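Heads up, the thing below is written out as C-alpha cells.
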Amino acid sequence: MKLVRFGTLGQEKPGLIDGSGQLRDLSAHLPDLAGDAFAPSSLAKLAKLDVESLPMVSGQPRIGAPVGGSPKFIAIGLNYADHAAEAGMAIPSEPVVFTKANSSLCGPNDAVEKPRGSTKLDWEVELAVVIGTRAKYVSEAEALDYVAGYAVCNDVSERAFQLERLGQWTKGKSHDTFGPLGPWLVTKDEIADVHSLPMWLDVNGERCQTGSTATMIFNVPKIVSYLSEIMTLNPGDIITTGTPPGVGMGMKPPKFLQVGDVVTLGIEGLGEQRQEIVAA
C-alpha cells in the first residue's frame, strides 16, 4: 500500500493511493496515520479493504508528511562511504546517530525555509524507515519484522549551524521544514529489496545526487537493531538513513541553497518531492 496524509497543515486526513494513482480517503477507517496505525494488525486490516469503495478525493489537496505525531525523528549520519569522503570525515565504525526535531517534519512539496542567519543551506536525499512495532533489543535477523514501510526524506541541513557552532549536529538539522517526508509511506511488502533502490536529487533542474541504497555502510536491519539497543523504538518513529554523495558542501567550490531555488528528489518506488526555498 501507498499510505498518504492530505489536507491543510495540522488538519491532515489519512488516505491511500490506489492502483491507478487516485487518492482515496481512509477517514472512515482510522483517525490518522500515526502510532499504532502502523502496527501489523492495523496494516493488515487496511490491506483487506475494498479500495474501490473508498471515497475518491477530488482536486489536488496538499500532501502532508505520511506519518502523524511521530514519537521520534532519528537520523543516521555518514552512512555512505563516498559521502563521508566528500565531507572529509572518516568512515564510521558504527552508526552515527543524531536527532531531528519533530517540528522539522513537513510535507514533501512544502516550501523549505532558509533560516535567519543561514549561509550554508544544504540538501540530502535519504531513505526513511518507519517503525510499526515496538522494538527493544531486536536482532538484525528479525529487525525488518518491526518495520512498517519506507518513504523519501530530504534531510535538509544548515552546515554552518551543524558544523561551525558549538554543540551537536541537531542544531543544523532541526529548523522548521528541514524534514520533508513522503509523498507517501510505502509498506514494506511492496519493496522487493530496500537495498537496491536508485535515488537522485536535482537543484534548479541540475542533477546533484545520484546514488543507490545498495551503497549504504550500515543496512536497514543493522540500523534498526543498533538503535533498538540504545533506545526503544515505537510505532510511528522515523529513521532517516543517510545520503549518497553530491551534497552542496562537498562540491568544489561548495554550493548552497538560496531563496528561490527549487529542489526535486526521489527514490525509485517511493515517489518524488519538490521544494522551493523561501526566507524564514
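The values are calculated or read from the model by the stated rules, or taken from the named source; none is laboratory data. Only a predicted model underlies this, so the values are computations on that prediction, with no experimental measurement involved. Positions of Cβ are backbone-derived with ideal geometry, glycine not excepted, and every protein chain shown enters the neighbour counts. Calculation scope for accessible area: heavy atoms of the full protein, side chains included, ligands and nucleic acids excluded. Shrake-Rupley method; radii C 1.70, N 1.55, O 1.52, S 1.80 Å.
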Answer residue from the stretch 206-216, given it is assigned to a strand (DSSP E or B) and in contact with a strand residue (DSSP E or B) (Cβ under 7 Å, 6 or more places away or on another chain) and is nearest to Val96 (Cα to Cα) among those: Met216
Residues (of a type in the set (A, V, I, L, M), under 14 Å from the mean Cα position of the chain (by Cα) and crowded, with 17+ Cβ neighbours inside 10 Å) located in the stretch 92-146: Leu105, Val125, Leu127, Ala128, Val129, Val130, Ile131
Top-ranked residue in the stretch 170-205 [being in a loop (DSSP other than H, G, I, E, B) and of a type in the set (A, V, I, L, M); ranked as farthest from Glu126 (Cα to Cα)]: Ala192
Condition met for Gly182 (closer than 18 Å to Pro108 by Cβ and touching a Pro at 6+ places or on another chain (Cβ under 6 Å)): yes
Condition met for Glu158 (surrounded by 23 or more Cβ atoms within 10 Å (Cβ to Cβ), in contact (Cβ under 8 Å) with a residue 24 or more places away in the chain and in contact with a helix residue (DSSP H, G or I) (Cβ under 6 Å, 6 or more places away or on another chain)): yes
Residues (more than 18 Å from the chain's Cα centre (by Cα) and within 14 Å of Val156 (Cα to Cα)) located in the stretch 204-254: Gly248, Met249
Some residue of the stretch 189-200 being over 18 Å from the mean Cα position of the chain (by Cα), at pLDDT 95 or above and either farther than 22 Å from Ser41 by Cα or basic (Lys, Arg) (or both): no
Near pairs, Cβ below 6 angstrom, 6+ apart or cross-chain, from the stretch 103-125 (under 9 Å from Gln275 (Cβ atoms)) to any residue that is open to solvent by 40 Å² or more (accessible area, probe 1.4 Å) and acidic (Asp, Glu): Ala111/Glu276
Subset of the stretch 210-237 (residues that are more than 28 Å from Thr133 (Cβ to Cβ) and out of contact with any helix residue (DSSP H, G or I) (no Cβ under 9 Å at 6 or more places or on another chain)): Thr210
Residue match in the stretch 23-45 (condition: out of contact with any strand residue (DSSP E or B) (no Cβ under 8 Å at 6 or more places or on another chain), among the acidic types (Asp, Glu) and within 16 Å of Val130 (Cβ to Cβ)): yes
Candidate set from the stretch 46-87 (those that are open to solvent by 40 Å² or more (accessible area, probe 1.4 Å) and of a type in the set (S, T, N, Q)); member that is nearest to Gly242 (Cα to Cα): Gln60
Any hit, the stretch 231-244, residues being small (Gly, Ala, Ser), surrounded by 20 or more Cβ atoms within 10 Å (Cβ to Cβ) and assigned to a loop (DSSP other than H, G, I, E, B): yes
Residues (touching a residue at least 40 places away in the same chain (Cβ under 8 Å) and open to solvent by 20 Å² or more (accessible area, probe 1.4 Å)) located in the stretch 190-201: Glu190, Ile191, Pro198, Trp200
